[in-house]
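For reference, the structure is listed below as structure tokens.
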Amino acid sequence: MTIPTQPSITSPPTPPSRADSVTFATRGDAFLGWFPTAWTDLTAAMAWMIARTQEVFDWSSAAQSDRILAQTAAAAVAAANPAANAAAAAASAAAAAGYASTALATNPDSPVRFNPRRIAADLTVPSTYNAASTGPIQVSDGVTVTISDNATWSIT
């Protein structure tokens with residue numbers, strides 16, 4: 001990529017000064033004569049800046065399009081990997097089944113309650129509660145089940 005050379009702007013001549021009456025008229029004429037040249041130079045510089053701004057916009061739009069294409073390609077590659085997709089689907093299904101079981105077990109309108117067969121984390125039945133489970137129930141190694149005073153846990 002080659003960026004076109006920025007146009008130059010002609011420097012102004014020494015402006016006139018009332019303190020120098022000898023050169024005032026000559027410098028005034030030169031200074032006023034410089035304005036048409038300056039106008040042309042500034043117009044060319046502004047056109048150059050507008051063109052560069054448009055190029056930057058075009059490059060950023062192209063980069064955005066490339067990013068979208070790369071994301072689409074990455075998604076296509078992921079979709080083309082049946083093993084990874086199958087593993088992700090199995091993990092998702094297992095998680096969904098777990099959430100469904102929890103929902104069934106805690107749904108107050110359901111006439112059927114579900115409980116898991118294994119207690120995998122420490123559990124305490126507070127003294128203001130009773131608990132009921134349908135067995136058999138297995139308690140994982142290192143896990144403690146505490147039944148507080150005045151509480152009961154029935155396994156049927």
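The values are calculated or read from the model by the stated rules, or taken from the named source; none is laboratory data. Computed from a prediction, not measured in an experiment: that's the story for all the values here. Every residue, glycine among them, receives a Cβ derived from its backbone with ideal geometry; neighbour counts consider all protein chains shown. To get the accessible areas, we keep the full protein, side chains included, count just its heavy atoms, and leave off ligands, DNA and RNA. Shrake-Rupley method; radii C 1.70, N 1.55, O 1.52, S 1.80 Å.
Residues that are out of contact with any Lys or Arg (no Cβ under 8 Å at 6 or more places or on another chain) and under 30 Å from residue 59 (Cβ atoms): does segment 23-41 have at least one? Please lay out each step first, then the result.
Kept after step one, since they are out of contact with any Lys or Arg (no Cβ under 8 Å at 6 or more places or on another chain), are these residues of segment 23-41: 23, 25-41.
Narrowing further to those that are under 30 Å from residue 59 (Cβ atoms): 40-41.
Yes, the conditions are met somewhere in segment 23-41.
Taking residue 71 and the conditions (1) farther than 30 Å from residue 6 by Cα; (2) surrounded by 11 or more Cβ atoms within 10 Å (Cβ to Cβ); (3) among the polar types (S, T, N, Q), which numbered condition does it fall short on, given that it satisfies the others?
Of (1) farther than 30 Å from residue 6 by Cα; (2) surrounded by 11 or more Cβ atoms within 10 Å (Cβ to Cβ); (3) among the polar types (S, T, N, Q), only one is false for residue 71: (2).
Give segment 16-38 a look and list any residue that's part of a loop (DSSP other than H, G, I, E, B) and either among the basic types (Lys, Arg) or open to solvent by less than 70 Å² (accessible area, probe 1.4 Å) (or both), or say none.
The initial filter retains those residues of segment 16-38 that are part of a loop (DSSP other than H, G, I, E, B), namely 16-23.
Passing the criteria: 16, 17, 18, 20, 23.
I want to confirm something. Restricting to segment 48-59 and keeping residues that are open to solvent by less than 60 Å² (accessible area, probe 1.4 Å) and not charged (D, E, K, R), which single residue is nearest to the chain's Cα centre (by Cα)? Step through it out loud before you land on a result.
We begin by selecting, within segment 48-59, every residue open to solvent by less than 60 Å² (accessible area, probe 1.4 Å); these are 48, 51-52, 55.
Okay, now just the ones that are also not charged (D, E, K, R), so 48, 51.
Numbers: 48: 35, 51: 32 Å.
Looking at residues that are open to solvent by less than 60 Å² (accessible area, probe 1.4 Å) and not charged (D, E, K, R), I get 51.
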